[in-house]
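Working notes, structure below.
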Amino acid sequence: MTLTAPTTDDRAGEQPRDHRTAEHTTPLGFEHERVVVATGSRSRLTIIVAVHSTRLGAALGGARLWTYPTWTDALDDALRLSEGMTLKNACAGLEHGGGKAVIHIPLGMTLDAETRRNALLDLGDVVESVGGRYVTAEDVGTSSADMAVVRERTTHVTGLPLESGGVGEPSEATAAGVVTSIRATMECRFGSSDLGERRATISGLGHVGSLVARTLRSEGVDLTVTDVNPARRALAEELGAMWVSPGSEHLVETDVFVPCGVGGALTETVVAELACVAVVGAANNQLASRSVADLLAARGILWAPDFIVNAGGVIHLAFAAGADGRAVIAERVAAIGDTVRAVFDTASSEGTTTLAAAERLAARRLGAVEAPTAG
């Protein structure tokens with residue numbers, strides 16, 4: 001894959017540069033179909049859209065507004081996250097491929113309201129430029145209100161605010177899928193899905209993590225929580241949960257560790273120190289490297305693959321607009337637990353990791369349909 005750094009001399013009205021990858025191969029055995037890297041004509045920020053696969057349909061994945069050391073770090077994240085969306089959408093049985101958008105905020109830069117709006121308009125232009133191959137939505141750093149701004153430049157966007165006729169934010173469905181996955185994992189580990197006697201440690205109390213915390217506490221779970229934002233300690237006090245300093249949460253003895261923050265939290269060092277029997281969380285790309293899946297298995301820690309666990313959000317986006325949307329979403333989110341159980345069974349019977357078992361599930365579905373014609 002040959003990419004040229006975004007420049008500062010792009011002019012308004014120019015089409016974003018389009019780059020096809022020839023080297024970024026994946027565990028699924030095929031390459032990214034299209035990667036666009038552009039300098040926004042209004043914001044001057046780097047906008048990236050990575051389309052990993054449209055084999056099952058238009059790629060669906062959120063738009064991330066985040067700070068990275070360099071634009072190439074943002075690109076790496078987009079490539080990794082878009083591949084994860086292919087896995088997620090395939091395992092969830094959706095008629096969508098995987099894609100991701102990233103807006104790169106340089107280190108030390110704080111976006112004012114005008115620059116933020118301009119960046120979202122620029123994102124809309126880049127999404128429009130790929131001709132419907134990618135549908136964007138909210139993600140880390142963006143909201144349904146932001147998607148309404150993107151909608152000013154492209155129709156290929158979902159997750160718009162309810163008041164604008166959209167389907168709203170998917171956090172509740174994501175959180176419900178996480179809780180369903182925790183029940184399935186506890187059943188596999190302890191023989192019962194009853195959470196009343198269980199302990200959980202939640203790392204990250206954003207929209208999804210907070211909802212998971214509230215649900216688990218309502219079911220009698222003994223909670224330990226943390227977040228890099230000290231203001232979220234108020235939620236711990238409200239729920240009667242133990243608060244620990246960020247970075248030490250994995251050392252707390254618990255039944256299930258629930259990563260709901262940024263990706264890559266499960267490093268070799270963290271896994272060696274984990275004091276739990278299972279890991280089930282909402283964070284994307286939890287494994288710092290593929291080898292971590294082997295380390296988890298070697299320690300007897302049952303890891304529920306994140307791209308299955310956190311699929312409730314895309315399920316919401318895919319079905320909320322339908323006539324029976326709520327019922328379909330509830331049914332599909334409940335089925336996430338069944339998928340988690342199936343992955344555990346496959347990993348156990350075949351003597352492999354849960355990561356390999358989940359990737360195999362996705363590959364089977366992707367292999368059942370013809371590849372799209374490049375255009």
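None of the figures in this text is laboratory data; all of them are computed from the coordinates on show. All of these numbers come straight from a predicted model, not from anything done at the bench. Quick reminder, even Gly has a Cβ in these numbers, built from the backbone with ideal geometry, and neighbours come from all protein chains shown.
If only the Cβ of Lys and Arg carry +1 and only the Cβ of Asp and Glu carry -1, the dipole of region 85-203 around its Cα centre is close to 440 debye.
Whole Å is fine, so just give me how far the alpha carbon centre of region 195-218 lies from that of region 296-316. Going from one Cα centre to the other spans 16 Å.
Residue-wise HN-Hα couplings along region 226-232, as the Karplus relation 6.51 cos²θ - 1.76 cosθ + 1.60 with θ = phi - 60° gives them from phi, are 7, 6, 5, 8, x, 5, 7 Hz; Gly and Pro carry x. Ranked for footprinting exposure by Cβ neighbours inside 10 Å, fewest first, Leu123, Leu251, Leu302 give Leu251, Leu302, Leu123. Most tightly packed first, judged by the mean number of other beta-carbon atoms within 10 Å of their residues, the peptides 163-170, 310-317 read 310-317, 163-170. Within the listed set Phe319, Phe257, Phe344, the Gaussian network model of the chain (springs between alpha-carbon atoms below 10 Å) gives the highest mean-square fluctuation for Phe319. Remark: the chain carries a charge dipole of roughly 320 debye about the Cα centre, counting +1 on each Lys and Arg Cβ and -1 on each Asp and Glu Cβ. If only the Cβ of Lys and Arg carry +1 and only the Cβ of Asp and Glu carry -1, the dipole of region 171-364 around its Cα centre is close to 260 debye. Estimated at 0.36 nm per residue, the fully extended path between Ser143 and Glu163 surpasses their Cα-Cα distance by 5.8 nm. Eigenvalues of the alpha-carbon gyration tensor of region 219-270, scaled by 5 and square-rooted, set the equivalent ellipsoid semi-axes at 19, 14, 9 angstrom, largest first. Here is the size of the chain from its Cα atoms: Rg then Dmax, 20.0, 62 Å.
Of interest is the spacing of the C-alpha centroids, which for region 238-271 and region 133-186 amounts to 25 Å.
Taking the helices alone, the chain has a mean residue ellipticity at 222 nm of -12500 deg cm²/dmol, built from -39,500 (n - 2.57) per DSSP H run of at least 4 residues and averaged over all its residues. Only one residue of Trp71, Val102, Ser82 has its Cα farthest out toward the positive end of the dipole of region 64-114, where Lys and Arg carry +1 and Asp and Glu -1 on Cβ, and that residue is Ser82. For region 171-364, the alpha carbon convex hull comes to 113 Å³ per residue, rounded to a whole number.
Panel order for Val140, Val208, by other beta carbons found within 10 Å of each beta carbon, from fewest to most: Val140, Val208. Pick out which of Ala175, Ala362, Ala63 has the largest mean-square fluctuation in a Gaussian network model of the chain, springs linking Cα atoms closer than 10 Å. Ranking Ala175, Ala362, Ala63 by mean-square fluctuation puts Ala362 first. Modelled spin labels at Ala323 and Ser192, positioned 7 Å past Cα toward Cβ, are 4.3 nm from each other. Ranking Val270, Gly57, Val258 by Cα position along the charge dipole of the chain, where only Lys, Arg, Asp and Glu carry charges on their C-beta atoms, puts Gly57 farthest toward the positive end.
Using a Gaussian network model of the chain in which every pair of alpha carbons under 10 angstrom is joined by a spring, one finds that among Gly124, Gly325, Gly204 the greatest mean-square fluctuation is at Gly325.
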